[in-house]
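In what follows, a single structure is set out as structure tokens and then discussed.
Read-outs throughout are calculated quantities, based only on the coordinates presented, and are distinct from any laboratory measurement. Quick caveat: nothing in here was measured; it's all calculated off a predicted structure. For neighbour counting, all protein chains shown are included, and Cβ atoms are generated from backbone atoms with ideal geometry for every residue, glycine included.
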Amino acid sequence: MMVAGPGPYGKCRVKEAASARTLIWRRSMAAAGCVSLLAAIAHGQARESLDTAALVAEKLTEVRQWSMIPGPVRDVLVSRWKDELCSSHQRPPGSIGCWWAGMTAAAWEISIADPKEPYQQYDFNVTGKRLPFRRLALAAKASKAWLVCYEQGGFVGSLHLVVVPFRYASVWGEPVWIGIRASSDAQWVTDLPSLRAASREHRLLREYRLPPLGPEE
């Protein structure tokens, strides 16, 4: 800090010191304001509720290959499938037993086929080959999220829609998982028109956010 001394320039030096302090204070306040603004935006995004029906009705950009979905969105789904695999083996996520079980079945239990490709539709293997347990029906980019619809094999086949909040090349909120009711082949979702029909006919089951999976009791 500049300090006034004797001589004709003492008053000027005092004024320069005061101006420097004022400039530092203003810059500090501006930085604090930016931090507060970013925190408010992040808080608002976390609390923002997405309207699934409105997203489905938007003009969507559809993709028909799993590899064309952004990596962070794919990671959300695969992470959940790994947790489901751990739960099915009654082992907590991250345990040695869980990852050992995952390694023996990962090729088909946490992978997904592209539309029209074969997948393991039933609990029992009728082909003799280890096929993916899921098959992509469609994926589409909406204004605030990616919509990923897929079929899952099992005793009774099922349809799932996952809404992944996505903006600025990153996932910014909790994904929402939705079951799709289809009582006949005509109601099965295979493209955007059939997904929109399911939405209009209120066949998108109640939205739910999945809690973290742990060891089964």
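In table form, for the structure just shown:
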quantity	calculated
Förster-model FRET efficiency, 25 Å R0, residue 57 and residue 177, C-beta, rounded to 0.05	0.80
Extension gain, residue 196 back to residue 49 (0.36 nm per residue minus Cα-Cα distance, nm)	50.9 nm
R0 of 35 Å, Cβ-Cβ distance residue 78-residue 187: FRET efficiency to nearest 0.05	0.80
Residue 65-residue 123 FRET efficiency (beta carbon distance; Förster radius 35 Å; 0.05 resolution)	0.85
